[in-house]
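Undergrad: Here it is, the structure, as structure tokens.
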Amino acid sequence: MVLTSFVEVQPDSHFPIQNLPYGVFKPEPGSEPRPGVAIGDYVLDLSVIASAGLFDGPFLKNSDCFNQLNLNKFVGLGRPAWKEARVTLQKLLSATEPTLRDNPSLRQKALVSMVKVQMLLPVVIGDYTDFFASMHHAKNCGLIFRGPENPVNPNWFHIPIAYHGRASSIVISGTDIIRPRGQGHPTGNSPPYFGPSRKLDFEMEMAAVVGAGNELGKPVDVNEAADHIFGLVLMNDWSARDIQAWEYVPLGPFLGKSFGTTISPWIVTLDALEPFASDAPKKNPPPLPYLAEKISKNYDISLQVFVKPAGQEDTCIVTRSNFMHLYWTITQQLAHHTINGCNLRPGDLLGTGTISGPEPESYGCLLELTWNGQKPLSLGGSTRKFLEDGDEVIFTGCCKGDGYLVGFGTCSGKILPSPP
């Protein structure tokens, strides 16, 4: 029997009772931020539920984790507390449970219409790492920049490659992105170009939110890594390709990436994603023992990117990809991140890198879709090599269950011009 809620949930909603993703919101502009979960078109205020004494299990009964301004304390409690919260909330919101359903005053305080709330970053992100975990993306980038002889560096098949990103410029969905300025490749004997980026791009990514961390000097076993991942969000790691191409040798991305990264507001837990687990790609060559998983899995999450060109009313779909296209799993990424003893902390963010599939229509960024501007993309009445001022980019992602969806909502941002 399919679990249902007393809160009405439309069949195409990303937020049925099977999902219950976590976020942080303000019910009114002047109110304090507080944790919530999404259910249909409503946000359940967890501070109200906690104050009513409805979290009565051993891990949450005496905790003030839902009376915080962010989710860091809760995600830091670890998987037993997450499971306890999920069981409590699914019971509380189920159609057969009277506690909240039949208490009008509590229901009125606890359930807030989504259209009224302001969503905020769900966690304080202390550190942010961006991986390069899609083989199709790695291969395409290599073909574009290095040619067919050696498109993917040999180390890529042994190491989940990553760089340390800039946590301070991670923003919530709906935040405008100002076109970055910087240097680009010189032409001939001229000095390097300086000015607004001419090759502004999106990157279709997802990101893992770290839950319980690890002590400095103590790596996380790859087969226990899932216990350190609270859940996933959609992520757009905006990229200035011209700035990136000029700066990235020898130390990697810097100003071409650090001007803005957008994430979706709702963290979908691994427990909610478990019914959609799928086998990860077979590794060839086999990974070193510390990356060898007993069960190596991804999740069947359909991903779509839409662009609403400046001055146009309609959005155009530009790519359809899937989380299953990742070569290195999120648990391998986390285990590799800690193998040298690096300590991760609750709220840290681990980006997957661009998630591209094998077909051109599944490429996860304009660099690949337009082959670095050589093949302009048709968007309704206009074309694009890269993003123009006023363009809005919208990501969506969801899993398709039997009569329900488990989704992430949207991750969006609009490009504003560089300041003069």
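Undergrad: Pop out the carbon and sulfur fraction of the accessible area of segment 139-244 as a percent, whole number, probe 1.4 Å. Intermediate results must be reported in sequence, preceding the final value.
TA: Details: 2470 of 4700 Å².
Heavy-atom surface of segment 139-244 belonging to carbon and sulfur, 1.4 Å probe: 53 percent.
Undergrad: Rounded to the nearest 0.05, what FRET efficiency do Q183 and T99 have when you use their Cβ-Cβ distance and R0 = 45 Å? Don't skip to the end; give the middle numbers.
TA: Details: r = 60 Å, r/R0 = 1.34.
Efficiency, rounded to the nearest 0.05: 0.15.
Undergrad: Additional query: Expressed in nm to one decimal, what extension gain is obtained for the pair K282 and Q312 from 0.36 nm per residue of sequence separation less their Cα-Cα distance? Intermediate results must be reported in sequence, preceding the final value.
TA: Working: separation 30, 0.36 × 30 = 10.80 nm, distance 4.32 nm.
Between K282 and Q312, full extension yields an extra 6.5 nm.
Undergrad: Report the Stokes-Einstein translational diffusion coefficient (µm² s⁻¹, integer) for segment 234-292, Rh taken as the Kirkwood radius over Cα pairs, at 4 °C with viscosity 1.567 mPa s.
TA: 85 µm²/s
Undergrad: Using a Gaussian network model on the chain with a 10 Å cutoff between Cα atoms, which of T175, T410, T352 fluctuates the most?
TA: T175
Undergrad: Follow-up question, since we're still on this one. What angle do you read, to the nearest 10 degrees and between 0 and 90, between the alpha-carbon axis of helix 135-145 and the longest principal axis of the chain?
TA: 30 degrees
Undergrad: Please compare each pair in K116/K257; K257/K308; K83/K257; K61/K297 to a cut-off of 26 Å on the Cα-Cα distance and tell me which ones are over it.
TA: Working: K116/K257 33 Å; K257/K308 22 Å; K83/K257 36 Å; K61/K297 33 Å.
Where the Cα-Cα span goes over 26 Å, the pairs concerned are K116/K257; K83/K257; K61/K297.
Undergrad: Within the P(r) computed for segment 326-420, what percentage of the Cα pairs occupies the region above 18 Å?
TA: Values: 3004 of 4465 pairs.
Considering segment 326-420, 67 percent of its Cα-Cα pairs are separated by more than 18 Å.
Undergrad: Still on this model: Go through I295, I263, I172 and list them by solvent-accessible area, largest first, probe radius 1.4 Å. Write out the running numbers ahead of the final one.
TA: Working: I295 125, I263 5, I172 25 Å².
The residues order as I295, I172, I263, largest area first.
Undergrad: While we're looking at this one, here's another question. In Å and on Cα atoms, what radius of gyration and Dmax does segment 1-131 show?
TA: For segment 1-131, the Cα radius of gyration and maximum Cα-Cα distance read 14.5, 47 Å.
Undergrad: Right, another one. Averaged per residue, what accessible area in Å² does segment 182-292 show with a 1.4 Å probe, protein chains only? Don't skip to the answer; put the middle values down first.
TA: Working: 4790 Å² over 111 residues.
Solvent-accessible surface per residue comes out at 43 Å².
Undergrad: Take E215, project a point 7 Å from its Cα along the Cβ direction, then tell me which residues of segment 331-368 have their backbone nitrogen under 18 Å from it.
TA: Those under the cut-off are 338-346.
Undergrad: Also, quick follow-up: What distance in nm lies between label points placed 7 Å from Cα along the C-beta direction at L3 and K83?
TA: 1.4 nm
Undergrad: Would any residue of segment 244-262 have its amide N under 16 Å from a label point 7 Å out along Cα→Cβ of E388? List them or say none.
TA: none
Undergrad: Let me check against my output: what whole-number percent is the relative contact order of the chain, with C-alpha pairs under 8 Å and at least 6 apart? Each step should come with its number before you reach the end.
TA: Working: 1001 pairs, mean separation 88.1, N = 420.
RCO, the chain: 21 percent.
Undergrad: Would you please name the trypsin sites (Lys or Arg not before Pro) within segment 270-300 that are DSSP coil residues with at most 15 other C-beta atoms within 10 Å of their C-beta? Display every interim value, and only then the final one.
TA: Values: sites: K282, K283, K294, K297; in loops: K282, K283, K294.
Loop-located and lightly packed - K282, K294.
Undergrad: I would also like to ask the following. Can you give the translational diffusion coefficient of the chain in µm²/s, computed by Stokes-Einstein from the Kirkwood radius over Cα pairs at 37 °C and 0.692 mPa s? Before the final figure, lay out the partial values.
TA: Details: Rh = 22.2 Å.
In µm²/s, the coefficient is 148.
Undergrad: Relative to the present Cα-Cα distance, how much length would full extension add between T175 and C342 at 0.36 nm per residue of separation? Mind showing how you got there, number by number?
TA: Numbers: separation 167, 0.36 × 167 = 60.12 nm, distance 3.14 nm.
This chain segment gains 57.0 nm when fully extended.
Undergrad: Right, something else. P(r) of segment 92-223 in 10 Å steps, Cα pairs, percent per bin?
TA: Percent of pairs per bin, in order: 8, 20, 26, 22, 13, 7, 3, 0.
Undergrad: Still on this structure, please answer the following. Taking amide H positions as placed 1.01 Å from N in the peptide plane, with prolines and chain starts having none, which residues 5 or more places from I229, or on another chain, fall under 5 Å of its amide H?
TA: Sorted by chain and number, the residues that satisfy this are G211.
Undergrad: List, in order, the whole-Hz ³J(HN,Hα) value for each residue of segment 270-282 obtained from phi through the Karplus relation with A = 6.51, B = -1.76, C = 1.60 and θ = phi - 60°; use x for Gly and Pro.
TA: 5, 4, 5, 8, 3, x, 10, 5, 9, 5, 6, x, 5
Undergrad: Mind checking the angle between helix 79-93 and the chain's longest principal axis? C-alpha axes, 0 to 90 degrees, to the nearest 10.
TA: 60 degrees
Undergrad: Still on this structure, please answer the following. Along its three principal axes, how long is segment 160-263 when you only count alpha carbons? Whole Å, largest extent first please.
TA: That works out to 54, 33, 20 Å along the principal axes.
The values are calculated or read from the model by the stated rules, or taken from the named source; none is laboratory data. Everything quoted here is computed from the prediction, not taken from an experiment. Neighbour counts run over all protein chains shown; Cβ positions are idealised from the backbone, glycine included. The accessibility values were calculated without ligands, DNA or RNA, using every heavy atom of the protein model including side chains. Shrake-Rupley method; radii C 1.70, N 1.55, O 1.52, S 1.80 Å.
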